[in-house]
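Everything below concerns the one structure shown next.
The values are calculated or read from the model by the stated rules, or taken from the named source; none is laboratory data. Everything numeric here is computed off the predicted structure, so don't read it as measured data. Counting neighbours? That spans all protein chains shown, and the Cβs are built from the backbone with ideal geometry, glycine included. SASA here: full protein model, heavy atoms, side chains in, ligands and nucleic acids out. Shrake-Rupley method; radii C 1.70, N 1.55, O 1.52, S 1.80 Å.
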Amino acid sequence: MSKAMRQMLERSGRVGIARGEAACEPASDEACGPPLAHQGTGSAKSKAGPGGLLEAALTRQNLQAAWKRVKANKGAAGVDGLDIEQTAELLRTNWTEIRHELLQGCYRPSPVRKVMIPKPDGSQRELGIPTVLDRLIQQALLQVLQPLLDPTLSDHSYGFRPGRRAHDAVKAARSYVQSGKRVVVDVDLAKFFDRVNHDILIDRLKRRIDDAGVIRLVRAYLNAGIMDSGVVVDRHLGTPQGGPLSPLLANVLLDEVDKALEARGYPFARYADDCNVYVGSKKAGQRVMALLRRLYAKLRLQINEAKSAVASAFGRKFLGYALWVAKGKEAKCAVAKKPLDNFKARIRQLTRRSGGRSMAQVVEKLRPYLLGWKAYFGMAQTPKVWRALDEWLRHRLRAIQLRHWKRPKTIYRELKALGASEDVAKQVAGNCHRWWRNSDGVIKRVLTIAYFDRLGVPRLS
């Protein structure tokens, strides 16, 4: 933690354990355990004394953990233009006043800064970037609320929850299909984060959190507005993606639908606003789809009919994965077509033969993308696909290498230096202008898999 942050917290005073501060050092961005007791009935009630949850969020220990997380996430500046270090300077002088405003309920969050992020299909996703100060406050609040609220959420919800990830949702979906539920009700919500009704969300939060200070602050963040091209636009709907609190609030709102599905005994998996329900027939699937339309309508949310369907579980994708039937009617995972196409498009971009980059520079850019993609899609049970992708990638890299060597004499000399035979070196050098065709021939005897391993190119297979 920066010196500025430590000084700021020391000036504000340490709130003791009796007021809600955890007694153990937190191991991550979350509190080390639920700081307050909660009921086992699906609601959570504050018992933190006069300051309640808000004062617990503003303890020294909790703020230290929040600042560490915000600093690690880096991220861009908000509408105030202040980065991490500049915000630390601001906190050094103004934190006492900011803390007082928070506890008195008169703090006013800054509007979020609108940023449009391009998606692989050419469309754009809107993000709202809060100021670093507001990210700190939201993160501190999240660390107190999440241990309290998370145990009340459905076990079928996997998105943005501690100890859960997308892989768990995919594994659950595969197990449902393997059990015989081979029809999926695939539901996608239309612009979910832009259409969250503030009044309904606050009502659902009040049912779980009996703390006026927290409710007031959450409402202030929802109403903070968004700055677009220098103009602040009021928002009466939506919880912009980009703030630490947004995913938790989304789970609180959608948990009502989860509990309704659970009460009816339907097997399902939800990750954020992406929900798949598994049934035994299309007729049953149509009934579930009608039920979901009614449930989402109560929350003033709309199903994206173009992306939603009742169909075979083997014809739909879920979180980037698709299912296929192996021998013995076993359901297995594969990378869905769209993310596979996006992967190839990105690899083509990173391995363009023009650009004047050395092979080391190409590999340096390629390596983190390949490792990240492999980590996420490592559950795919398609060894032939992995081998084909590896061969295609090495083909492109050999073409880059030939393009770099360019002239016949250079190609001949470099191949000989790598241990190529006279015939192979002459054959490759003689076809030096046919980059793509030449890079898939006898040159593979020289630029082998081991050669690319030494360069640091990760294998997918």
Mind listing whichever residues of segment 406-431 are assigned to a helix (DSSP H, G or I), farther than 20 Å from Ile449 by Cβ and not small (Gly, Ala, Ser)? Pro408, Lys409, Thr410, Ile411, Tyr412, Arg413, Lys416, Glu422, Asp423, Lys426, Gln427
Among (1) within 17 Å of Arg174 (Cα to Cα); (2) open to solvent by less than 50 Å² (accessible area, probe 1.4 Å), which single condition is Leu350 missing? (1)
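What number of residues within segment 285-308 are open to solvent by less than 20 Å² (accessible area, probe 1.4 Å), over 12 Å from Leu254 (Cβ atoms) and in contact (Cβ under 8 Å) with a residue 40 or more places away in the chain? Give the steps one after another, and end with the answer.
Narrowing segment 285-308 to residues open to solvent by less than 20 Å² (accessible area, probe 1.4 Å): 285, 288-289, 291-292, 296, 299, 301, 303, 308.
Subset that is over 12 Å from Leu254 (Cβ atoms): 285, 288-289, 291, 303, 308.
In the following step, the residues that additionally are in contact (Cβ under 8 Å) with a residue 40 or more places away in the chain were identified as 285, 288-289, 303, 308.
Of the residues in segment 285-308, 5 are open to solvent by less than 20 Å² (accessible area, probe 1.4 Å), over 12 Å from Leu254 (Cβ atoms) and in contact (Cβ under 8 Å) with a residue 40 or more places away in the chain.
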Test: Leu249 is closer than 30 Å to Gln143 by Cα and either surrounded by 13 or more Cβ atoms within 10 Å (Cβ to Cβ) or not aliphatic (A, V, I, L, M) (or both): yes
Unique residue being under 44 Å from the mean Cα position of the chain (by Cα) and either surrounded by fewer than 16 Cβ atoms within 10 Å (Cβ to Cβ) or farther than 17 Å from His395 by Cβ (or both) when the list is Asp423, Asp453: Asp453
Of the criteria (1) touching a Phe, Trp or Tyr at 6+ places or on another chain (Cβ under 7 Å); (2) open to solvent by 70 Å² or more (accessible area, probe 1.4 Å); (3) modelled with pLDDT of 85 or more; (4) in a loop (DSSP other than H, G, I, E, B), which one Arg459 fails: (1)
Scanning for something open to solvent by 10 Å² or more (accessible area, probe 1.4 Å) and not charged (D, E, K, R), does segment 200-209 turn up at least one residue? yes
Out of curiosity, is Val233 open to solvent by 50 Å² or more (accessible area, probe 1.4 Å), over 24 Å from the mean Cα position of the chain (by Cα) and more than 30 Å from Gly378 (Cα to Cα)? yes
Based on this model, can you work out whether Gly159 counts as in contact with a strand residue (DSSP E or B) (Cβ under 6 Å, 6 or more places away or on another chain) and crowded, with 23+ Cβ neighbours inside 10 Å? no
